Amino acid sequence: FAITHFLQNAEHSATLYHKNNARKAYACPVFIVGNGPSLDQLIEYIRQYQDKAIIISCGTALKALYEYGIAPDFHAEVEQNGATYNWITKIPDRAYLKRIQLLSTAAVHPATLKLFKGASLSFSSGQIPYRILTSANIEKTQSFCQLKHAFPTVSNLALNMILDLGFQDVYLFGVDLGFV
């Protein structure tokens, strides 16, 4: 699945995340939002500062934010199966999804990728498409970032990407790994 999904995503012109060699430090706050039970108590804080921060929803948090009337700047997914598509399409408003950029792995399900405005994809440590590109000695492969801490949860992927990009003011909301 990983190879097939990667090839289809590449054909769909998804952007592959490159190494951040410059290591700039960005001052803008980033809110990484999971769908844990604490999200309900923290939603007013997110709403109050939504125009002053970059908001990244993780997994099922997207539907919760939709129901609260908040559109994240980015949505992160880590799974490569079709379950992500099934969760996301529970949101009836396709125009809402088309305002959001997807952050995921190179093997994200292609149907999931097509729901969003665009996608920035990364390779995760040990992921098979990266191994194939590397073993084929494709020179450009060296510029792609290989995230080492993108699993086991989608919040790991979002946090790994954001820290790698140089953001330092990062807040976790609802990332208590529970589900009501």
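See the values below:
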read-out: Accessible-area value, Thr89, 1.4 Å probe, nucleic acids and ligands omitted, Å²; value: 40
read-out: Entries in Lys24/Lys52; Lys90/Lys117; Lys63/Lys117; Lys90/Lys114; Lys24/Lys114 that, when Cα-Cα distance is taken, lie over 24 Å; value: Lys24/Lys114
read-out: Net charge, Ile70 excluded, C-beta distance under 14 Å - Lys, Arg +1, Asp, Glu -1; value: -2
read-out: Of all accessible heavy-atom area on segment 28-86, the percent that carbon and sulfur account for (1.4 Å); value: 48
read-out: Extension reserve of the Lys117-Ala27 stretch, reckoned as 0.36 nm per residue once the Cα distance is removed; value: 29.9 nm
read-out: Nearest-10 value in Å² for the accessible area of Tyr171, using the 1.4 Å probe; value: 90
read-out: Check: segment 35-94 dipole with +1 on Lys, Arg Cβ and -1 on Asp, Glu Cβ, in debye; value: 80
read-out: Gain on full stretching of the segment that runs from Ile91 to Tyr171 - 0.36 nm per residue minus C-alpha separation; value: 26.3 nm
read-out: Segment 46-92: trypsin sites (Lys or Arg not before Pro) in DSSP loop, at most 16 other beta carbons within 10 Å; value: Lys52, Lys90
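The values are calculated or read from the model by the stated rules, or taken from the named source; none is laboratory data. Everything numeric here is computed off the predicted structure, so don't read it as measured data. Here the Cβ is made from the backbone with ideal geometry for all residues, glycine too, and neighbour counts use every protein chain on show. Ligands, DNA and RNA are excluded from the accessible area calculation, which covers all protein heavy atoms including side chains. Shrake-Rupley method; radii C 1.70, N 1.55, O 1.52, S 1.80 Å.
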